[in-house]
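Colleague: Supplied in structure tokens, the structure appears directly below.
The values are calculated or read from the model by the stated rules, or taken from the named source; none is laboratory data. A quick note: this is a predicted structure, and the numbers were derived from the prediction, not measured. As a convention, Cβ positions derive from the backbone with ideal geometry for all residues, glycine included, and neighbour counts pool all protein chains shown.
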Amino acid sequence: MSTLEVQAIACGYGDLRVVTDATLSVDAGSVTALLGRNGAGKTTTLRAIAGLNRITSGRATLDGADLATMPAYRRARAGIAYVQEGKRIFRSRTVEENLLLGTYAASSTTRGRELMGEMYERFPLLAERRKLRAAQLSGGQQQMLAIAQALIADPRVLLLDEPSAGLAPAIVGQVLDVIRDLRTRGLAVLLVEQAVEFALAAADRVVVLNLGRTVHSGHATDTGLREAIQRAYMAEDVL
């Protein structure tokens, strides 16, 4: 069984159903990319997994446990971390204060300190800038901080929403390296991206959404994948 399993879920906002039939899975030590044009339901799917949107039908499980019974804070404690689009950090706080806020899910103060040290080893630029306000960081550094803040909770599943958005090409490469490193460390990563080539470079598996439903799922090297992506991005109804 995969670490994260999503089976035919439907979700949306109030009476507006955005996702009608999304199915995907993410294994430990792998990256699954969720692709589709704007409005396909990618972010809504992530929000539903994280507990920010209600799943109205279908099923989502973490290591076999039904997520529908868990509020968002319990999903975080169970091992789901969500990095939202737009570098959602506390810009008026220092780098170190942002990371400290991320340790709330740690099992103990000692473990929180250990995780802080691990983040500074993994992101040495953040260690150098630990006393700076987050607003003083570059866009790429803010994205690294957002990822580090999620990782310091020691999750099993990391949900990443558009991590390359608005970044310079050189920084995009650094973010890609971070995602690949997370895979080698055994984390299950679900990646939403508009930058298709970035996503394919990071992913082991790819799921394509079109009009709120899964229309393709398979390995990143599968024949037919790019055709499915092209049809979805051209807003064709894939049957």
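Colleague: Failed condition for Gly186, given (1) of a type outside the set (Lys, Arg); (2) modelled with pLDDT of 90 or more; (3) more than 28 Å from Val18 (Cβ to Cβ); (4) crowded, with 16+ Cβ neighbours inside 10 Å, with all others met?
Modeller: All conditions are met except number (4).
Colleague: Small (Gly, Ala, Ser), without any contact (Cβ under 8 Å) to a residue 60 or more places away in the chain and not assigned by TED's automatic domain parsing to the domain that holds Thr44: does that describe Gly117?
Modeller: Considered against the rule, which asks whether it is small (Gly, Ala, Ser), without any contact (Cβ under 8 Å) to a residue 60 or more places away in the chain and not assigned by TED's automatic domain parsing to the domain that holds Thr44, Gly117 comes out as yes.
Colleague: Could you check the range 21-49 and list, in sequence order, the residues that are surrounded by 19 or more Cβ atoms within 10 Å (Cβ to Cβ), under 14 Å from Val215 (Cβ atoms) and of a type in the set (Val, Ile, Thr)?
Modeller: If the condition is that a residue be surrounded by 19 or more Cβ atoms within 10 Å (Cβ to Cβ), under 14 Å from Val215 (Cβ atoms) and of a type in the set (Val, Ile, Thr), then Thr45 is the only one that fits.
Colleague: Report yes if Glu96 is free of Cβ contacts under 8 Å to residues at least 60 places away in the same chain and of a type in the set (Asp, Glu), otherwise no.
Modeller: Considered against the rule, which asks whether it is free of Cβ contacts under 8 Å to residues at least 60 places away in the same chain and of a type in the set (Asp, Glu), Glu96 comes out as yes.
Colleague: Within the range 151-174, can one find any residue that is over 25 Å from Ala28 (Cβ atoms), β-branched (Val, Ile, Thr), out of contact with any Leu (no Cβ under 6 Å at 6 or more places or on another chain) and in the same structural domain as Val31 (by TED's automatic domain parsing)?
Modeller: yes
Colleague: Here's a follow-up. Of all residues in the range 74-128, which are at pLDDT 90 or above, of a type in the set (D, E, K, R) and crowded, with 20+ Cβ neighbours inside 10 Å?
Modeller: Within the range 74-128, Arg75 is the sole residue that qualifies.
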